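Below is one structure; the comments refer to it alone.
Coordinate-derived values only; no laboratory data. Predicted model only: the values in this text are computed from it and were never measured. In this analysis, Cβ positions are derived from the backbone assuming ideal geometry, glycine residues included, and neighbour counts consider all displayed protein chains.
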Amino acid sequence: KMDVAKQVRIVRPTITVDTAAYVNGDDVGGIITLTAALAYSRPSRLVSVTLAEDGGQSPALSLFFFRATPAGGTYTDNSAIAFAAADLGNFLTVVRVAAADWYVPSGSGKAFVAKADLQVCCEGSTTSNDLYMLIVADGAYDAVATNDLTVAIGFESV
């Protein structure tokens, strides 16, 4: 029997409010560092992603994961994302969240979505056990407050 260590990293990206709404292809929150997401010297898997939207919106989003900081492209909040060829070698996976994936309980004013059983093998860089994430709008998204979007990332290390 293998010993499995489960951990969850919760991030709340800073998002733009009271300016132009995010449009298809915009970066939501800039580069997000998932500090110590992976266990040193142990294989890890990305197993789940859950999101909560405090304003009750259901934005279509893509979450891109990298094993090193994406640095060669344009990754500025509320700007069109432009991936650099050099960053593609550090790309791990993308998790897509469609507008229809969200659940908005009646009268709650909140929205929730969970993506489970992802089972994506992850490996940090040779110098870090951090991972990095970019959130890209796949349509219009106009957040009501800067802390409306919460993302929880689940990992397992074996």
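A straight chain from Asp117 to Asp54 at 0.36 nm per residue would run longer than the Cα-Cα distance by 20.2 nm. Note on segment 55-124: the alpha carbon radius of gyration divided by the globular reference 2.2 N^0.38 Å gives 1.37. For Ala99 and Ala145, the FRET efficiency from 1/(1 + (r/R0)^6), where r spans their Cβ atoms and R0 equals 22 Å, is about 0.65.
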